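Structure record follows, encoded as structure tokens.
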Amino acid sequence: MPRKIALQDGNQLVYDEFGSGEDIIFIHGYISDGQVWNKVKSCWTGNEHILIPTLEGFYLNQAPYSKDSLSTFNLSNHLNSLIELIKSKCTAPVRIVGWSYGASLALLLAIKIPGLIKSVFAYEPGISSFIENSSVLKMIEEDRVDMASSAIQALNKHNHELAIEQVVDGACQKKRIFQSLPENIQKLFLENSMTIPLMFNTKVAPNLRVSNDDIRGISADVTISYGEFARPAYKLVAQETASMIKKAKLEIIPKSYHIVPVQNTDSFVKAIKKSFVEENVN
């Protein structure tokens, strides 16, 4: 049964939890919610206390197409709600696992509250404002335009379901991968179709701007990960990020696309657990 905590801004954070022991928070990405970790939850073994929040503005945290989406779907709310969750329900320092937008949030948490974060496992983060190499940044930006173009076309035609399909296919750089997913996974993404226009709305889309010094100053143990089949934007961001953080490792997950939590779950979990072991050894 999902739990809720009241937030200082008057909203609420919905979360699931299981296990006991060391605290680990899993942060979902765009067009999804806490359900994206269901397969991870089913194959997780160990003595950890896992917390799985659904961020404000996403399906499990409010009624679909709620008018509140516009005001709650922003970076500040998401970061602050996660900090409140850590402070109220965890014994710090905690571990953070983030996927996609959630991976970017994980890195931002390590910057904003360094004393409360023990480690970060960030799979294919999108944050890139700190990259100073202009040629690399140009390749990332060009690839992102290509990745989003079909989804934006569908959105302009007010076809949110097609836009969801195009976002998934585009992020994986593989046509019809969305159609190949099990029905329950497709449903998870489609339930979050209300976030599609918010993703591309410059007034509310999260502004993930951090500096070179911010990234270099991260003190937590960090694993930056991407899939073997990652498209250039995700691969380049991962490589650049890992190269700049002092206590960072780069982990490539074989045979994986951007949607690794639902596509190659066993390998994803193994990579996360491997990062814990290597951290303890080092």
(request) Name every residue in segment 119-166 that is modelled with pLDDT of 95 or more and among the aromatic types (Phe, Trp, Tyr), in order of residue number. (result) Phe121, Tyr123
(message) If a residue must be touching a residue at least 40 places away in the same chain (Cβ under 8 Å), hydrophobic (A, V, I, L, M, F, W, C) and open to solvent by 20 Å² or more (accessible area, probe 1.4 Å), how many such residues does segment 110-128 contain?
(response) 1
(request) Kindly indicate which of Glu142, Glu161, Glu183 is surrounded by fewer than 20 Cβ atoms within 10 Å (Cβ to Cβ), of a type in the set (Asp, Glu) and farther than 28 Å from Trp37 by Cβ. (result) Glu142
(request) Kindly provide the set of residues from segment 249-281 that are closer than 13 Å to Tyr226 by Cβ and either among the aromatic types (Phe, Trp, Tyr) or open to solvent by less than 60 Å² (accessible area, probe 1.4 Å) (or both), ordered by number. (result) Lys249, Glu251, Ile253, Ser256, Tyr257, His258, Ile259, Val260, Asn264, Ser267, Phe268, Ala271
(message) If the requirement is being touching a Pro at 6+ places or on another chain (Cβ under 9 Å), over 24 Å from Asn192 (Cα atoms) and open to solvent by less than 60 Å² (accessible area, probe 1.4 Å), which of these qualifies: Asp23, Asp16?
(response) Asp23
(message) Suppose the filter is modelled with pLDDT of 85 or more, surrounded by fewer than 23 Cβ atoms within 10 Å (Cβ to Cβ) and not hydrophobic (A, V, I, L, M, F, W, C); does His49 pass it?
(response) yes
(request) Kindly indicate which of Lys274, Lys175, Lys270 is free of Cβ contacts under 8 Å to residues at least 12 places away in the same chain and either within 24 Å of Glu48 (Cα to Cα) or polar (S, T, N, Q) (or both). (result) Lys270
(message) Can you tell me which condition Leu107 does not meet? The list is (1) of a type in the set (A, V, I, L, M); (2) free of Cβ contacts under 8 Å to residues at least 60 places away in the same chain; (3) surrounded by 13 or more Cβ atoms within 10 Å (Cβ to Cβ), and all the others hold.
(response) (2)
(message) Given (1) at pLDDT below 95; (2) open to solvent by 10 Å² or more (accessible area, probe 1.4 Å), identify the lone condition not met by Pro93.
(response) (1)
(request) Evaluate the following for Asn201: is it surrounded by fewer than 15 Cβ atoms within 10 Å (Cβ to Cβ) and either over 19 Å from Cys43 (Cα atoms) or modelled with pLDDT of 95 or more (or both)? (result) yes
(message) I'd like the full set of residues that are among the hydroxyl-bearing types (Ser, Thr, Tyr), more than 22 Å from Gly46 (Cβ to Cβ) and in a loop (DSSP other than H, G, I, E, B), limited to segment 237-279.
(response) Tyr257
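The values are calculated or read from the model by the stated rules, or taken from the named source; none is laboratory data. Keep in mind it's a predicted model, so treat the numbers as computed, not measured. With ideal geometry, Cβ positions are generated from the backbone for all residues, glycine too; neighbour counts draw on all protein chains shown. These area figures cover heavy atoms from the full protein model, side chains too; ligands, DNA and RNA do not enter into them. Shrake-Rupley method; radii C 1.70, N 1.55, O 1.52, S 1.80 Å.
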